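For reference, the structure is listed below as structure tokens.
Where a number appears in this text, it was derived from the coordinates with a stated rule and is not lab data. Since the model is a prediction, treat every value here as computed from it, not as a measurement. When we count neighbours, we look across all protein chains shown, and the Cβ atoms used for this are built from the backbone with ideal geometry, even at glycine.
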Amino acid sequence: MREALLTIGTLLLFGGGLMAIAATTPMGAGALITQAALVQMGWSIGIATVIAFIGAILILRNR
């Protein structure tokens, strides 16, 4: 069971990081960013951060 939690934690940490990067891709592409798009990016980054922190907690608890 311990190895499974480490695997899930690693996947959550990696997935959360990738989600945060993907959420900000339009900014790096030079797209015209509206206020609505910024709000959506903020929510996406917030959700990705929570997912990554949950993964980090699982990793640290089971090392």
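Given the -39500 (n - 2.57) contribution per DSSP H run of 4+ residues, what per-residue ellipticity at 222 nm results for the chain, rounded to the nearest 500 deg cm²/dmol?
Values: 3 runs with 53 residues, N = 63.
The per-residue figure over the chain is -28500 deg cm²/dmol.
Assuming R0 = 25 Å, what is the FRET efficiency of VAL39 and ARG63, from their Cβ-Cβ distance, to the nearest 0.05? Write out the running numbers ahead of the final one.
Details: r = 37 Å, r/R0 = 1.47.
The formula returns an efficiency of 0.10 here.
Enter the angle in degrees (range 0 to 90, nearest 10) between the Cα long axis of helix 2-23 and the first principal axis of the Cα atoms of the chain, meaning the one along which they spread out most.
With rounding to tens, the tilt is 10 degrees.
Of the listed values [x] 4, 17, 29, 28, 14, 6, 2, 0; [y] 4, 21, 22, 17, 13, 10, 7, 5, 2, 0; [z] 4, 14, 13, 12, 10, 8, 8, 6, 6, 6, 5, 4, 2, 2, 1, 0, identify the label whose number matches P(r) over Cα pairs in 5 Å bins from 0, in percent calculated from this model.
From the options [x] 4, 17, 29, 28, 14, 6, 2, 0; [y] 4, 21, 22, 17, 13, 10, 7, 5, 2, 0; [z] 4, 14, 13, 12, 10, 8, 8, 6, 6, 6, 5, 4, 2, 2, 1, 0, the structure gives [y].
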